[in-house]
Amino acid sequence: MSFGDVVLGRSGAAGPDLDRIFGVVPAAAVLEAATGFAPSGLGSVCYRAVDGGAFGAFARVQRELPDLIATEPDAEAAFDTDDHGFRWARTRQPPGEAERVVTDLHTVHAALEAAGFGPYLVCSLVGFARPDGHRLALVYTHVGGLFHPFAPAVGGGRDEALETRAGAAIGDELPVEPDRARWFPIWDAPAL
């Protein structure tokens, strides 16, 4: 562990395992049984933009991503930059298609990692919804390699009780961040 890790509060735990995102598929069934949330068909990957000498290679990878994800005829892929300058790769699959969403997200992870841009990955989200309009995302943070739920409350704020229930429900399926202070909200994330 480096001095920077100590100062920033990072543990010496293993870094992200990009294959962990596949654990969302079995966790989705457990989450639905415990909370009523089903996969919405939405997913997204957030990553930092690259500038400087590596920009050309980064731009090439970004141009290739649309052809790699959401390849089914009933799927969509889109790319945006948010107000903070972060890039988002978004995928939309039919509702209930957690496996296809996760495969798309992993494809983005793998493409960026293979091109040497793995350290630019920030987080990935898989969206869930209930018929009553409530939304929930399972967030995978690439720095720590752990998951946490994020549930915006209808009318504003966070639904922390729902986040707690969801975190407990998926705890046997996915490595959940134990420090609730690190369950950061991602307002207006494309997967929500």
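Taken together, the values in this text are just the output of simple stated rules run on the coordinates, not laboratory data. On a predicted model such as this, the values are computed, not experimentally measured, just so you know. Glycine also receives a Cβ, built like all others from the backbone with ideal geometry; neighbour counts cover every protein chain displayed.
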Scoring the range 29-174 by relative contact order with C-alpha pairs under 8 Å, at least six apart, yields a percentage of 28 percent
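Length gain on complete extension for the stretch Glu113 to Arg63, per 0.36 nm per residue less the alpha carbon to alpha carbon distance?
Roughly 16.5 nm would be gained on extension.
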Whole Å is fine, so just give me how far the alpha carbon centre of the range 172-192 lies from that of the range 99-164.
7 Å
So who's got an amide H within less than 5 Å of the one on Val176, skipping anything under 5 residues away but keeping other chains? H placed 1.01 Å off N, in plane.
Phe147
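Quick check: net charge around Trp88, other residues with Cβ under 14 Å of its Cβ, Lys/Arg +1 and Asp/Glu -1?
Taking every other residue near Trp88 into account, the sum is -2.
Quickly rank 143-149, 20-26, 154-160, 167-173 as a protection proxy: mean count of other C-beta atoms within 10 Å, highest first.
143-149, 20-26, 167-173, 154-160
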So, counting K/R as plus one and D/E as minus one, what does the shell of residues with Cβ under 13 Å around Pro175 add up to?
-4
Ranking Phe86, Ala111, Ile21 by how far each Cα lies towards the positive end of the charge dipole of the chain (+1 on Lys and Arg Cβ, -1 on Asp and Glu Cβ), the top one is Phe86
So what is Rg over Rh here for the range 55-97, counting just Cα atoms and using Kirkwood for Rh?
1.04
Additional length obtainable on full extension of the chain from Arg48 to Asp80, 0.36 nm per residue less Cα span:
10.4 nm
At q = 0.22, 0.23, 0.24 Å⁻¹, what log₁₀ I(q)/I(0) does a Debye calculation on the Cα points of the range 83-192 give, no solvent, two decimals?
-1.43, -1.52, -1.59
Fraction of antiparallel bridges per DSSP, the range 46-192 only, in percent to nearest 5:
95 percent
Let's see if you can work this out: charge +1 on each Lys and Arg Cβ, -1 on each Asp and Glu Cβ, no other charges. What is the dipole magnitude of the chain about its Cα centre, in debye to the nearest 20?
300 debye
